[in-house]
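The values are calculated or read from the model by the stated rules, or taken from the named source; none is laboratory data. Given the structure is predicted, the values throughout are model-derived calculations rather than measurements. Glycine gets a Cβ as well: all are built from the backbone with ideal geometry, and neighbour counts include every protein chain shown.
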Amino acid sequence: MRIKVSLAVLLLCVVWGGYAQESYVLSDKSSLKIEGTSTLHDWVVTAHSLKGNMEVQEGQPASLKVVVDASQIKSERGATMDKKMHAALKVDEHPEISFQLENIQKQTASGMFVLKGTLSIAGVSQKLDITSEVKQVGGAYTLKGSKEIKLQDFNIEPPTAMFGQIVVGESVTIQFDAIFTKS
């Protein structure tokens, strides 16, 4: 009887171990940049406050959420551009930008992954696919990629300056290098 109970416990541990999830948090070494154009020049803004978590099961992300403090997205062009950008993002009403993973699929031909999820910006949520390189490096996971989005898809009016003479382009590209470490 003792042997049967021991075998049952051992089998349960093996089965549970196969389904165990590991928790990870977004490292402060992660980066997120948004690149865009205007009628005057190209521009880049950087998110200075990112947080996130990820659960990994069987060597790939099973759940993932990243949140950006929209008020901490800053440009190299200074406070005037930041103010216009924050107004366009409706930071006062919607202080966070988030991505919530719903599904992940590996593209066998390229070795890349497709992250299927919901991106929420300025109070508008859109389902989208993001192609990403996912790597396990040591005890961490890195997700690296980019996604072009249209501002109008999120009801964002492209900012203007100089009485409408300078207009931001209709699309921006989000570049990310997310590093998740064990929590």
Filter the range 1-44 for residues that are of a type in the set (Asp, Glu) and not in a strand (DSSP E or B); the one that is modelled with the lowest pLDDT is ASP42
Please go through the range 97-122 and pick out each residue that is surrounded by 12 or more Cβ atoms within 10 Å (Cβ to Cβ) and of a type in the set (Gly, Ala, Ser).
-> SER98, GLY117, SER120, ALA122
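Mind listing whichever residues of the range 119-158 are of a type in the set (Val, Ile, Thr) and part of a strand (DSSP E or B)?
ILE121, VAL124, ILE130, THR131, VAL134, VAL137, THR142, ILE149
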Flag if THR118 is closer than 20 Å to VAL167 by Cα, at pLDDT 95 or above and hydroxyl-bearing (Ser, Thr, Tyr) | no
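Tell me whether the range 45-53 contains one or more residues that are assigned to a helix (DSSP H, G or I), of a type in the set (Ser, Thr, Tyr), on the phi < 0 side of the Ramachandran plot and in contact with a helix residue (DSSP H, G or I) (Cβ under 9 Å, 6 or more places away or on another chain). Reasoning before the result, please.
First, the residues of the range 45-53 that are assigned to a helix (DSSP H, G or I): none.
There is no residue in the range 45-53 that is assigned to a helix (DSSP H, G or I), of a type in the set (Ser, Thr, Tyr), on the phi < 0 side of the Ramachandran plot and in contact with a helix residue (DSSP H, G or I) (Cβ under 9 Å, 6 or more places away or on another chain).
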Mind listing just one residue for me: the one in the range 157-183 that is out of contact with any Phe, Trp or Tyr (no Cβ under 9 Å at 6 or more places or on another chain), over 21 Å from HIS48 (Cα atoms) and modelled with pLDDT of 85 or more and, of those, surrounded by the most Cβ atoms within 10 Å (Cβ to Cβ)?
-> PRO158
When every residue in the range 68-96 that is under 17 Å from the mean Cα position of the chain (by Cα) and buried (at least 19 other Cβ atoms within 10 Å of the Cβ) is compared, the one nearest to THR131 (Cα to Cα) is VAL68
Scan (1) in a strand (DSSP E or B); (2) modelled with pLDDT under 95 for the single condition LEU64 breaks and write down its number.
-> (2)
